[in-house]
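The values are calculated or read from the model by the stated rules, or taken from the named source; none is laboratory data. Keep in mind it's a predicted model, so treat the numbers as computed, not measured. Note that we place each Cβ from the backbone using ideal geometry, even for glycine, and neighbour counts take in every protein chain shown. Note: areas computed on protein heavy atoms with side chains; ligands, DNA, RNA excluded. Shrake-Rupley method; radii C 1.70, N 1.55, O 1.52, S 1.80 Å.
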Amino acid sequence: MELIITEKDNAARRIAEILSEGSAEAERRNGVNVYRWGDKRVVGLSGHVVGVDFPPEYNDWRDVQPVELIDADITKSPTKENIVQTLRELSRRADEAVIATDYDREGELIGKEAYEIIDDETDVPIKRVRFSSITEREVRDAFANPDDLDFDLAAAGEARQVIDLIWGAALTRFLSLSARQLGDDFISVGRVQSPTLKLIVDREREIEAFDPEDYWELFADLLKDGDGFEAQYFYDDDGSEAERVWDEEAANEAFERLQEASAATVTQVRRRTRTDNPPDPFNTTAFISAAGSLGYSAQRAMSIAEELYTAGYMTYPRTDNTVYPDDLDPEELLDAFTGTTFDEEAASLLEQDDIEPTEGDDETTDHPPIHPTGELPNRSELDEDEWEIFELVVRRFFATVAEPATWEHLRVVAEANDCQLKANGKRLVEPGYHDVYPYSSASENHVPDVEEGEDLVIDDVELEAKQTQPPRRYGQSRLIEKMESLGLGTKATRHNTIEKLYDRGYIEQDPPRPTTLAKAVVEAAEEFADLIVSEEMTAELEEDMAAIASGEATLDDVTDESREMLEKVFDALHESREEVGDHLQESLKADRTLGPCPECGEDLLIRKSRHGSHFVGCDGFPDCRYTLPLPSKGEPTVIDEKCEEHDLKHVKLLAGRDTFTHGCPQCRADEADESEDEVIGDCPECGEEDGGELAIKQLRSGSRLVGCTRYPDCEYSLPLPRRGDIEIEDERCAEHDLPELTVHNGDEPWELGCPICNYEEYQARQSVDDLVDLDGLGERTAEKLADVEVETLQDLQRVDADEVATDVQGVSADQIREWQAQLGAEAAD
DNA sequence: GCAAGGTC
């Protein structure tokens, strides 16, 4: 039997399809797809299936000195047991194995991981095939000319693993221990995350240090035969054109001269035609950036792309490549769009004389640039966001095969009372690719045809006082572009790194700004471990890896040298351990500080109770026991806005898409204390027996609810929205005998209706959402399941799989068992 | 529980 191993299931399926000419069949083994035909088997891994770590005796952070990690053994162990198990089983029956992982460094290492697992079971020959894209020709070619695994290249990847682990773990533990942060809130550093964080911190430092400067700009509205346009004053500044006037007196003088002038004489007219080339094919970074300008975070864009890829609508979203492979036939792909929503665009592109796609500078071997596969989803299959991203990818492909646009630029210079004025007109002559790619700006600026010597009427003159602006914060996509240019991270990890910085409490909001903790971490690293916050570390590692790959150095040469450097870092760190720890702790406190306690004047802080919930408490505890409650939902963070009345900073609750601002916790508590409960009916739980009534209540934590007046003896409650005025209507719900409620918040009033009915509907919706989170369970399947009263995760878990499979069309018992296994696994976690 | 890199 010949065993073929790929990096992922998707690649396994496609290679099996090509080599078997479509006859391959899939079977499940330990939850892993194995594609089979004749005596061939293809199995896809899931990236790395083994990981590096320290032996278990190093697990306890308090028992081990971080410095000991430098010389600790490093072990490799399976991280995907079921896949490793499947690979072992198949190996025993194989008499030949072929590694067909991705054609890049990490792919070679993943291939070596598979190699060692196979080699452990059998002595059969193990070959390696390499192809730049999974197409019939390339794959057949590669399999006809198998090669050997490149152990040097794999060793280069291993050096990275070792160095990242040692530096990351040792320094993370050191900082966390020194600041006594051992729980979930440990303080992490790493080769990629820390230089990325430093980029953000450095930019914030520039902003904080920025000293704005005053300047003035002057504008004049000019008229030609009633046709108006704006021109800007400029002057000659040592041979170059300048618009900003730095001296107020000079600005006023120019303003007066322009006001006195009745006309401006055209002294120069220059016309230029400019070609505006269509964009290059999408790599991951360019895709994230384009999605970013549509309002998607990097993380969100990638997760949608992931789904579209798995569903078969677009190619692999993680790629550095910006050159389409030879075998991508643009005409054929355009053809796939005729007769679809994109019919018009496809037809017009097909009409072009020749169709030659654009090319970027980066050509890599692992995957093609991101493009649509030609398979089209039904509009209803995708939600709005997914469709928008899909359309972006389709239109980007269109743009890369479209004609350039041409612009006509018209520059006019006029003189008035010794003042120079200029206007730059821009007109789109040939829209070219803009017709199919409406995302990039194609805005025109109208300047009429004028001739030299012509007099123009000056209609209005304006003097604008301005100030220089600090540099702008990096947005997520700018940051990813910057990381790419510095070689930080990879196409598959950059967006995760940014997400990690949010999770670690290092950055907040979007565009991200650093917390006080982040500044302290970067400062500490700059002082004692400069390499870990510098992009140099990656650059040097890249060089070392290249040396290993070419055989000029060995894995041990490189890792030993790195260990020595880290030893030196620790020598310096140990001496300053307390100083570093104190500074980190102060910063952590600063990030949680709201302002003065009204009872004792010490700081009020966001604190965590023993049960894990957050509240506002006084730093003077236990002498001062003043507290304020916080909403139970989300992760509280302190924001810049401040309550003038209580001198307390506002609190915001981070909960992904449900993020909301709580404001001043003292104000919220005061409002609740002042508000009266409003009775709306009888409590369904204890009304008959004990006379409990339902009332609309405002809690000190800022939330509102409909709850029983006998609380805490009766805990019956229904949730209400946090914001808006609640109006109690005259109509009553026939079923529950409660009034209908309307919430007034902004423009459209929300008719919430009977609070019990509303809550029941909400719960039903929630359970559908939960179900849809399972792999391969779409909204439609969820609806079908709901028809047979499988509405919640709990329902799904206890049903008889065979029974449901017979009742629900299109869902197999195996599939249901898999979902149940998935739920079991989650519960076990 | 630490990193970064794969992938879902």
- prompt: Taking the Cα centre of each part, how many Å lie between the stretch A:231-266 and the stretch A:741-762?
  reply: 60 Å
- request: Could you tell me whether the stretch A:203-312 comes out rounded, prolate or oblate from its Cα gyration tensor? Rule is a ≥ b ≥ c as square roots of the eigenvalues, rounded for a/c under 1.5, then prolate if a/b exceeds b/c, otherwise oblate.
  value: prolate
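Under the rule of -39500 (n - 2.57) per DSSP H run of 4 or more residues, summed and divided by the residues of chain A, what mean residue ellipticity at 222 nm is obtained, to the nearest 500 deg cm²/dmol?
Working: 25 runs with 318 residues, N = 829.
Using -39500 (n - 2.57) per qualifying helix, the result is -12000 deg cm²/dmol.
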message: If you count only protein heavy atoms with a 1.4 Å probe, what accessible area per residue comes out for chain A, rounded to a whole Å²?
response: 51 Å²
statement: Between the alpha carbon centres of the stretch A:384-441 and the stretch A:111-137 the gap in Å comes to 48 Å
message: Can you give me the % of accessible surface on the stretch A:654-725 that is carbon or sulfur? Probe 1.4 Å, all protein chains present, nothing else counted.
response: 39 percent
message: Along the Cα→Cβ direction, 7 angstrom out, place labels at A:Glu208 and A:Glu536. What is the inter-label distance in nm?
response: 2.4 nm
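Please report, ordered by residue number, every helix of chain A (full DSSP H runs) that is 30 Å or longer along its axis going by C-alpha atoms and whose mean Kyte-Doolittle hydropathy reaches 1.6. Could you put the intermediate results ahead of the total?
On the way: long enough: A:151-178 (40 Å, 0.77); A:555-575 (31 Å, -0.70).
The qualifying helices: there are none.
Trypsin sites (Lys or Arg not before Pro), restricted to the stretch A:4-87: which are DSSP loop and have at most 10 other Cβ atoms within 10 Å?
Working: sites: A:Lys8, A:Arg13, A:Arg14, A:Arg28, A:Arg29, A:Arg36, A:Lys40, A:Arg41, A:Arg62, A:Lys76, A:Lys80; in loops: A:Lys8, A:Arg62, A:Lys80.
Loop-located and lightly packed - A:Arg62.
May I ask you to list the chymotrypsin sites (Phe, Trp or Tyr not before Pro) in the stretch A:227-274 that are in a DSSP loop and have at most 13 other Cβ atoms within 10 Å of their Cβ?
Numbers: sites: A:Phe229, A:Tyr233, A:Phe234, A:Tyr235, A:Trp246, A:Phe255; in loops: A:Trp246.
For chymotrypsin sites (Phe, Trp or Tyr not before Pro) across the stretch A:227-274 that sit outside H, G, I, E and B with at most 13 neighbouring Cβ atoms in 10 Å, the list reads A:Trp246.
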Rounded percent of accessible protein surface that carbon and sulfur make up, the stretch A:284-402, 1.4 Å probe: 37 percent
- prompt: Tell me, how many Å apart are the Cα centres for the stretch A:8-31 and for the stretch A:688-719?
  reply: 58 Å
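What fraction of the Cα pairs in the stretch A:284-402, stated in percent, has a spacing above 17 angstrom? Each step should come with its number before you reach the end.
Working: 3794 of 7021 pairs.
Tail of P(r) above 17 Å: 54 percent of Cα pairs.
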Cα Rg, Dmax, the stretch A:186-239, angstrom units: 22.9, 70
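Kindly give Rg over Rh for chain A, based on alpha-carbon atoms, with the Kirkwood expression for the hydrodynamic radius. Before the final figure, lay out the partial values.
On the way: Rg = 32.6 Å, Rh = 32.5 Å.
In chain A, Rg relative to Rh is 1.00.
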- request: Consider just the alpha-carbon atoms of the stretch A:597-671 and return their Rg together with their Dmax, both in angstrom.
  value: 12.1, 39
- prompt: Name the chymotrypsin sites (Phe, Trp or Tyr not before Pro) in the stretch A:560-634 that are in a loop by DSSP and that have at most 16 other C-beta atoms within 10 Å, would you?
  reply: A:Tyr626
task: Using only alpha carbon pairs under 8 Å that are at least six residues apart, calculate the relative contact order of chain A and give it in whole percent.
output: 10 percent
message: Quick check on the stretch A:675-762: take the gyration tensor over C-alpha atoms, sort the square-rooted eigenvalues as a ≥ b ≥ c, and tell me if it's rounded (a/c under 1.5), prolate or oblate.
response: oblate
